[in-house]
Amino acid sequence: MSAISVRELRKSYGGHEALRGISFEIAEGEVFSLLGPNGAGKTTTIEILEGYRMRDRGEVEVLGFDPGRAGSPFRERIGIVLQQSQLWPTLTVAETHKLFAGYYSRPRDIDEVIALVGLSEKRDARVKTLSGGQKRRLDLGVALVGDPDLVFLDEPTTGFDPAARRAAWEMIRSLRSLGKTILLTTHYLDEAEQLADRVAVLREGVIIREGTPAEFTGGASETEVRYRRNGQEVVIRTTEPTRVLQELTTQALAEGGELEGLQVRRPTLEDVYLALVAEAAE
Amino acid sequence: MRLFRHQLRWEQTVFWRSRESAVFVFLFPLLLFTLLTAVYTGHIYGHPASWALLAGMLAYGVANTAFAGLALIIVARRETGILKRIRGTPLPPATYLAAVLTSIMIVFALQTAALFVLGRLLKSTPWPGHLVSLVLALALGGAAFAGLGLALTGFIRSLEGSSAVVNVLVLPMAFLSGSFGPTRHYPQALRAVGDVLPLKYFLDAINGIYLHGQELWDKPMNVAVLAAWGALGIAVAIRKFRWEPREG
């Protein structure tokens, strides 16, 4: 059963074609990540799915609704974290959750939600006193308070420090374990690699590649071997890492030396992504 | 109805908790009344000046609160993404706007009541008579200016410029309409400008009811002009109102 189904979706602004006929499916309970450089069409796509923008052409179904025409029954079942958006600075964390909980017919318990996003200690603090990362967690709490089946996360961890990012990842994993479907856009490739079941790369309004993170990185044939000799960095890219390593280590042992700073590395999603985007640009 | 009451309750909480809105929107006409009555003495329209200034500040209040205050609140919410976020929840847009408008009308009603109390305390101004007419006039004026305030948000592009735009409209309008004293001795050209502004007709209605013991419907012209401006505001608002930030 698909939570989201998109076929041949097109959208232009003036003469500029932002989306040139993209298609993808997201299954229920799946974490799907949309990647791509700025201006690739990620936000346009997500905003069409959220019901903020009208499409020009193509078919879109989200939880069985056409988001371009759907009203309250559709919005009961989705949660949205916008790229940038503020809340009332003078309300407390708990009050902000109460305000939004009132919009839904079956809201979650607000203290549960506040605990889920890690703001229990800040429950009665005014929003204006929260740090940037805490405000972003509040955004997530507000998106979850209606107990949505589908959550849109548009760059949810931009501006986080590494520890806050890890905490956010844990939160997103716990959402997944609750069976929520998640559509995530991000600039951080490690984030997509960590969280997403499937990834699609969007560039200039076209999906140039789609698959699981393992398919992205597994398809790459070369492994990188790095070490230092006489202070010089040596990089070997090879399709036969076993043979190369044996030759290197045998030689080093024979000379009684050490392979300084030895690293053997498979390409990450980031390497594959950067290659893909650069390739398409040529 | 449950959603409307929920939203209205939170609108009031948010309004009174924000120092900016509580001071600038609610208290400003009261402050201005205190200053003006301290400066102006003598008689206006055959009554102590404070009576006419009280009516003038009621009119200033409708422009300050239902028009400017509402526009500033909406633009701030639009530009900070709050409107967009609300649009993504099951709360119907019409319910939301109805609650926002009702909330600002409550503020305006409380402000009006506070002005009468303040006038009584400071200058022994009389309590108003013809209450049905007065309430109808306040409701009509409040609704018309709120409609114009909604329309105005469509022409304000940024949060930074919004209070400047609003003040440039409200202060001259209040001045030309006679909120700060009669316009009889103004130059012809300035009076001609005042004659097309809705605030002049609202003030004329309030003066009629409060100072001259008339009913609202004794001067149908005032009712017609206010209703026309309000309808124009709503028509423009329907075309120009935006839920999403203009910038970014």
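Quick notes on this one:
- Conditions (1) of a type in the set (Gly, Ala, Ser); (2) over 15 Å from the mean Cα position of the chain (by Cα); (3) at pLDDT 90 or above; number of the one not met by B:GLY161: (3)
- For the range B:183-191, the count of residues that are part of a helix (DSSP H, G or I) and closer than 23 Å to B:ALA68 by Cα is at least one.
- None of A:GLU47, A:GLU25, A:GLU59 is assigned by TED's automatic domain parsing to the domain that holds A:THR181, of a type outside the set (Val, Ile, Thr) and either assigned to a loop (DSSP other than H, G, I, E, B) or in contact with a Ser or Thr (Cβ under 7 Å, 6 or more places away or on another chain) (or both) except A:GLU25.
- If the condition is being in contact with a Ser or Thr (Cβ under 8 Å, 6 or more places away or on another chain) and open to solvent by 10 Å² or more (accessible area, probe 1.4 Å), then the range B:125-143 contributes only B:LEU138.
- B:GLY181 meets the conditions (1) on the phi > 0 side of the Ramachandran plot; (2) touching a Pro at 6+ places or on another chain (Cβ under 7 Å) in every case but one. The failed one is (2).
- When restricted to residues that are within 30 Å of A:ASP197 (Cβ to Cβ) and of a type in the set (A, V, I, L, M, F, W, C), the range A:215-261 contains 2.
- Scan of the range A:61-76 for residues that are more than 9 Å from every other protein chain (Cβ to nearest Cβ) and either closer than 17 Å to A:ILE182 by Cβ or not hydrophobic (A, V, I, L, M, F, W, C) (or both), ordered by number: A:GLU61, A:VAL62, A:LEU63, A:GLY64, A:ASP66, A:PRO67, A:GLY68, A:ARG69
- The residue that is farthest from the other protein chains (Cβ to nearest Cβ), counting only those in the range B:97-114 that are touching a residue at least 60 places away in the same chain (Cβ under 8 Å) and of a type outside the set (Val, Ile, Thr), is B:ALA114.
- Scanning the range A:86-107 for residues that are open to solvent by less than 20 Å² (accessible area, probe 1.4 Å), facing chain B (nearest Cβ under 9 Å) and of a type in the set (Gly, Ala, Ser) yields one hit, A:GLY102.
- The lone criterion from (1) closer than 18 Å to A:LEU150 by Cα; (2) touching a strand residue (DSSP E or B) at 6+ places or on another chain (Cβ under 9 Å); (3) open to solvent by 40 Å² or more (accessible area, probe 1.4 Å); (4) hydrophobic (A, V, I, L, M, F, W, C) left unmet by A:LEU116 is number (2).
- Considering residues of the range B:201-245 that are within 14 Å of chain A (Cβ to nearest Cβ) and not hydrophobic (A, V, I, L, M, F, W, C) only, the residue farthest from B:ILE82 (Cα to Cα): B:ARG242
- Taken together, B:ARG78, B:ARG19 contain a single residue that is more than 26 Å from B:LEU226 (Cα to Cα), within 14 Å of another protein chain (Cβ to nearest Cβ) and buried (at least 21 other Cβ atoms within 10 Å of the Cβ), which is B:ARG78.
- Note on the range A:61-111: residues that are without any contact (Cβ under 8 Å) to a residue 12 or more places away in the chain and over 28 Å from A:GLU121 (Cα atoms) total 7.
- If the condition is being assigned to a helix (DSSP H, G or I) and touching a Ser or Thr at 6+ places or on another chain (Cβ under 9 Å), then the range A:173-193 contributes A:LEU189, A:ASP190, A:GLU191, A:ALA192, A:GLU193.
- Output for the range A:44-60, where each listed residue is more than 11 Å from every other protein chain (Cβ to nearest Cβ) and open to solvent by 40 Å² or more (accessible area, probe 1.4 Å): A:MET54, A:ARG55, A:ASP56, A:ARG57, A:GLU59
- Contacts under 7 angstrom Cβ, first residue in the range B:81-96 being within 7 Å of chain A (Cβ to nearest Cβ), partner acidic (Asp, Glu), 6 or more apart: B:LYS84/B:GLU244; B:GLY88/A:GLU50; B:PRO90/A:GLU76
- Qualifying residue in the range A:157-177 (condition: within 14 Å of chain B (Cβ to nearest Cβ) and in contact with a helix residue (DSSP H, G or I) (Cβ under 6 Å, 6 or more places away or on another chain)): no
- Every condition in (1) under 25 Å from the mean Cα position of the chain (by Cα); (2) away from chain B (no Cβ under 13 Å) is met by A:GLU121 except one, and the failing one is (1).
- Qualifying residue in the range A:186-201 (condition: open to solvent by 40 Å² or more (accessible area, probe 1.4 Å) and over 30 Å from A:LEU34 (Cβ atoms)): no
- Test set (1) more than 28 Å from B:VAL25 (Cβ to Cβ); (2) out of contact with any Ser or Thr (no Cβ under 6 Å at 6 or more places or on another chain) - B:PHE175 fails condition number: (1)
- Restricting attention to the range A:208-267, the residues being assigned to a helix (DSSP H, G or I) and under 30 Å from A:GLU8 (Cα atoms) number 6.
The values are calculated or read from the model by the stated rules, or taken from the named source; none is laboratory data. Just so it is clear, the model here is predicted, and its values are computed rather than measured. Ideal geometry is used to build each Cβ from the backbone, glycine not excepted, and the neighbour counts take in all protein chains shown. What goes into the accessible areas is simple: the full protein's heavy atoms, side chains included, and nothing from ligands, DNA or RNA. Shrake-Rupley method; radii C 1.70, N 1.55, O 1.52, S 1.80 Å.
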